[in-house]
Amino acid sequence: MDWLGPAEIEALKLSLRVSFWATLATLPFGIFVAYALARWRFPGRQVLNGLVHLPLILPPVVTGYLLLLTFGIQGPVGRLLGEIGIVVAFRWTGAALAAGIMAFPLMVRAIRLSIEAVDPKLEQAGATLGASRAMVFATVTLPMILPGVTAGAILAFAKAMGEFGATITFVSNIPGQTQTLPSAVYAFLQVPGGEAAATRLVIISIIIAMGALLLSEYVGRRAAARVAGT
Amino acid sequence: MSLSVQLQHRLPGIDLDLSFDAPPGVTVLFGRSGSGKTTIVNAVAGLLRPEAGRVAVNDWVLFDIERHQWLPPHKRRLGYIFQEGRLFPHLNVRQNLAYGRWFAPKNARRENPDKVIEMLGVGHLLDRRPARLSGGEKQRVAIGRALLASPRLILADEPLAALDDARKAEILPYFERLRDEVSVPILYVTHAAAEVARLATSVVALQDGKVVRQGPAADVLADPSVAPAGVRAIGAVLKVRVLAHHDDGLTELDANGARLFLPRISHDIGEDLRIRIPAQEVILSKTPPQGLSALNVLSGTVDSIRSGDGPGAIVSVKTPAGIVLARVTRRSVNALGLEAGAPCHAVIKTVALAPQDVGGRIISNE
């Protein structure tokens with residue numbers, strides 16, 4: 001890795017950390033929301049669906065600004081969190097929050113599709129055999145949607161790696177703190193002679209994105225074949 | 001163990017309002033599709049909440065809508081055998097079989113897995129996934145999975161309907177073993193008269209959500225006013241014993257002294273069987289028939305004649321072998337001068353004794 005400068009390595013490491021935590025922390029919510037949208041009929045279901053998809057259709061800078069208004073030091077949620085000692089504004093945790101929210105719709109869509117593919121009759125069969133709702137989910141639904149969950153998580157990770165607009169709006173571009181890979185590329189391009197470093201990061205970005213996509217396809221196929229029992 | 005069911009529920013196109021008690025053994029819910037059979041089973045299983053009613057196994061109440069009692073499905077301790085098997089595709093056969101057993105209370109685990117695996121002949125399939133099983137194998141595993149949950153009640157919703165005739169013939173004996181070797185009551189849904197004749201201890205005939213008749217299989221199947229699956233389903237059930245297998249491809253049966261022949265069956269000599277004789281395959285004669293190609297003639301006296309609205313009538317003939325039913329026209333009844341007590345001969349075409357109507361062993365106390 002000695003062909004990368006220390007600032008570039010720092011940006012790469014930060015991006016991996018931000019994306020990892022963004023994916024991991026949103027996964028349980030993603031599964032829950034996907035399950036609710038796929039299986040439950042409740043008032044406000046369409047509103048929830050719209051809210052989940054909002055980051056996908058809003059300009060990222062708008063999402064970032066809304067995050068700043070909400071989770072900023074003066075924002076209602078930010079102030080509450082601040083009272084218990086958690087500050088996300090201008091920290092890497094804030095970058096993870098922005099990346100997680102931007103990746104959330106992709107994750108939910110992938111998981112929801114796989115839940116809708118599970119025959120509810122199998123879940124009924126589990127119930128008649130003595131499994132409670134939670135056990136049916138753990139022993140029937142979850143194993144069967146694992147391909148979708150994995151694909152959704154990898155896709156979300158890739159999206160988080162590339163998140164720029166909302167991140168830079170919400171937590172700015174502080175080297176070592178909030179300067180992720182895309183922010184670093186942007187920063188290098190702003191200074192004379194930074195093109196070489198920017199190019200190196202661009203190549204890394206392409207490799208990670210393509211790798212994630214291929215991995216997600218591969219894992220999805222493998223897991224689907226395992227579930228189908230072939 | 002007995003099951004008591006009371007149910008009221010409205011579905012589009014059908015108004016369910018019924019009650020029945022199921023004695024130990026196999027109780028068959030018999031009726032054409034749309035008569036409410038599956039709704040009843042789903043309500044017993046807790047997959048559907050009826051508008052009113054009560055279901056109890058002995059004094060253990062599964063639900064009582066009026067008293068706001070409702071056990072969720074997973075607390076009902078059932079073994080539900082579905083039409084499509086519904087095996088878990090992500091688990092192998094061994095794990096599928098163990099699924100219900102795992103949730104059963106430890107002190108209630110009656111069935112020995114090895115014995116069940118042997119009884120169902122699935123020992124060589126244990127490591128396979130359901131996707132690599134044939135239809136018949138899937139259904140055998142489904143039976144085992146339900147049984148190993150150590151249920152207090154077994155439900156089977158047309159478990160053979162999705163199988164071809166050969167597979168049906170493969171699975172039916174396992175249900176007979178279930179009936180004869182397992183002491184759990186079985187509620188069995190079907191619209192196939194042959195399955196009723198072979199399995200039923202008691203039959204509940206359904207029509208448009210109502211019970212039209214309940215009783216032993218021989219009585220219900222013989223009743224033309226019921227005809228849950230059309231007149232073709234009407235038929236007599238006889239108890240017979242295998243006497244001999246002949247070289248010309250026929251098997252000779254003894255029906256309480258009378259002789260019957262049917263195409264070679266695989267059952268052993270000396271074995272007790274039930275056979276069903278569809279009423280439409282029987283013709284009647286006042287004089288002893290001569291010069292006929294049919295091999296089976298049972299002589300007796302007319303017991304009763306029941307006619308419906310159409311041109312047909314069902315004549316039941318008391319013979320030494322048991323009651324035999326014949327579906328004839330009312331015109332023939334008049335022409336032959338048939339009336340209760342009149343001697344007559346029932347002629348049964350050999351081919352009418354189709355192998356799928358041949359049942360397995362009979363419980364001795366029947």
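Some notes on this structure:
- Of the residues making up the stretch B:309-338, those that are in contact with a strand residue (DSSP E or B) (Cβ under 7 Å, 6 or more places away or on another chain), farther than 21 Å from B:L273 by Cα and basic (K, R) are B:R327, B:R330.
- Any chance B:V61 is more than 17 Å from the chain's Cα centre (by Cα), closer than 25 Å to B:A142 by Cβ and either among the aliphatic types (A, V, I, L, M) or in the same structural domain as B:R140 (by TED's automatic domain parsing) (or both): no
- For the stretch B:35-49, a residue qualifies if it is in a loop (DSSP other than H, G, I, E, B) and touching a residue at least 60 places away in the same chain (Cβ under 8 Å), and the qualifying residues are B:S35, B:G36.
- Residue within the stretch A:211-229 that is at negative phi and touching a His at 6+ places or on another chain (Cβ under 8 Å) present: yes
- Residue satisfying all of: in the stretch B:64-81; part of a strand (DSSP E or B) and crowded, with 21+ Cβ neighbours inside 10 Å; farthest from the other protein chains (Cβ to nearest Cβ) among these: B:I81
- Selection status of A:A151, crowded, with 18+ Cβ neighbours inside 10 Å, within 21 Å of B:F103 (Cα to Cα) and at pLDDT below 95: no
- When we screen B:T329, B:T319 for residues that are touching a Gly at 6+ places or on another chain (Cβ under 9 Å), among the hydroxyl-bearing types (S, T, Y) and without any contact (Cβ under 8 Å) to a residue 60 or more places away in the chain, the only hit is B:T329.
- Exclusive hit being under 17 Å from B:E170 (Cα atoms), buried (at least 20 other Cβ atoms within 10 Å of the Cβ), more than 8 Å from chain A (Cβ to nearest Cβ) and at pLDDT below 90, set B:G121, B:G136, B:G144, B:G85: B:G85
- Scanning the stretch B:295-325 for residues that are within 16 Å of B:S285 (Cβ to Cβ) and of a type in the set (K, R) returns a single hit, B:K318.
- Only one entry in B:G46, B:G31 is in contact with a Lys or Arg (Cβ under 7 Å, 6 or more places away or on another chain), buried (at least 20 other Cβ atoms within 10 Å of the Cβ) and within 14 Å of chain A (Cβ to nearest Cβ), namely B:G46.
- The stretch A:115-138 - residue that is at the interface with another protein chain (Cβ under 7 Å from one of its Cβ atoms) and not in a helix (DSSP H, G or I) and, of those, farthest from B:D157 (Cα to Cα): A:S132
- Residue identified as at pLDDT below 90, over 22 Å from the mean Cα position of the chain (by Cα) and within 13 Å of chain A (Cβ to nearest Cβ) among B:R101, B:R110, B:R152, B:R129: B:R101
- Flag if B:T38 is closer than 22 Å to B:A205 by Cα, out of contact with any helix residue (DSSP H, G or I) (no Cβ under 7 Å at 6 or more places or on another chain) and within 14 Å of another protein chain (Cβ to nearest Cβ): yes
- Residues being on the phi > 0 side of the Ramachandran plot and of a type outside the set (D, E) - total across the stretch B:157-187: 0
- Identification of helices (runs of 4 or more DSSP H) wholly contained in the stretch A:1-86 with 3 or more residues that are within 30 Å of A:A197 (Cβ to Cβ) and over 14 Å from the mean Cα position of the chain (by Cα) yields A:6-39, A:60-71.
The values are calculated or read from the model by the stated rules, or taken from the named source; none is laboratory data. Source: prediction; values computed, not measured. Note: ideal-geometry Cβ built from the backbone for every residue, glycine included; neighbour counts use all protein chains shown.
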